[in-house]
Amino acid sequence: MHKIKKENKYEKILLCNGDSWTQGDSPAQTLNWKATKTLDWYSIVPGFGQNIPHNEKVLYKFYDSPVWPKGLGEKLGFETWNAGRLGTSNDNIFRTTINSISYLESLGKKNIFVVVGLTSILRYETWNVDEKNMWECVKIAPDEFLSEDHHGNTYSDNLIYKTIINIINFQNFCKNKNIPYLIFSAFDDMDEDLKTSALFKYIDLKNIYNNNFKGHFKEYIENKFNTTWEKEPYFRTGHSTDISHIEWGKELYRYIRKNKEKFECK
């Protein structure tokens with residue numbers, strides 16, 4: 001990473017995105033409906049990058065929690081923006097990450113470094129025309145994963161294809177704009193599923209954590225503390241607690257520093 005000039009300690013920008021394992025989730029994190037922005041270096045992206053208004057109660061309800069974007073940004077010494085939104089899909093994560101980059105650039109922000117935590121492959125985004133006229137996340141059940149559409153393709157085939165295309169498109173976007181990035185999988189071990197596709201070979205694994213798509217955040221905490229994601233105090237209702245977020249932020253910092261040549265702006 002480039003050294004930060006003392007006269008401008010927020011020379012670089014960290015943008016993080018993901019689902020509840022990035023934004024936070026109650027009761028794994030403590031809700032604070034009265035929370036407001038109190039730090040000059042840590043912000044929530046308006047609308048979570050969705051171009052949809054959200055009041056400040058929703059935006060800042062986990063602002064006081066030590067989620068990993070906050071911990072990582074503090075250790076890096078970067079101005080940090082969190083676009084994570086609970087319950088979202090990988091479709092939405094990549095779309096809102098690009099929207100968030102556009103938003104930051106409109107503010108004159110440069111030297112953006114992006115860290116994306118992927119969610120379950122069993123979620124996908126669709127357009128709801130009848131009721132809300134807005135994007136929504138659909139979650140399919142595991143027994144639907146192998147059911148076929150009218151073309152004979154399984155949900156598995158379609159979701160794997162969409163996930164890989166999203167990854168490739170995002171990587172090309174970052175490459176074209178010279179934006180360094182790191183992608184990890186929060187909890188879903190999708191490595192073997194993605195490898196079943198002939199398109200997997202087009203993914204650049206260099207900026208993927210450990211060069212694979214295991215359930216990185218979850219597995220790191222499970223291995224480090226010899227626990228499972230059903231057990232306190234590291235997990236609560238299937239979500240990472242503050243303790244785990246702090247540890248994952250430290251691990252990401254270690255990984256980024258160890259592999260700093262991968263994340264340099266050229």
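The values are calculated or read from the model by the stated rules, or taken from the named source; none is laboratory data. A quick note: this is a predicted structure, and the numbers were derived from the prediction, not measured. All Cβ positions, even for glycine, are placed from backbone atoms using ideal geometry, and neighbour counts span all protein chains on display. All accessible areas refer to the heavy atoms of the entire protein, side chains included, with ligands and DNA or RNA removed. Shrake-Rupley method; radii C 1.70, N 1.55, O 1.52, S 1.80 Å.
Overview of values
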quantity	calculated
Probe 1.4 Å, accessible area per residue of the chain, Å²	48
Local electrostatic count at residue 19 - Lys and Arg +1, Asp and Glu -1, tallied over other residues with Cβ under 13 Å	0
Debye, to nearest 20: dipole size of segment 74-133, +1 on Lys, Arg Cβ, -1 on Asp, Glu Cβ	180
Answer label for volume of the Cα convex hull per residue in Å³ (calculated), chosen among [x] 130; [y] 153; [z] 141	[z]
Percentage relative contact order, the chain, counting C-alpha pairs under 8 Å, at least six apart	22
Global form of segment 161-240, assessed from the alpha-carbon gyration tensor, a/c cut-off 1.5	prolate
Stretchable slack from residue 232 to residue 109, in nm (0.36 nm times residue separation minus alpha-carbon distance)	40.3 nm
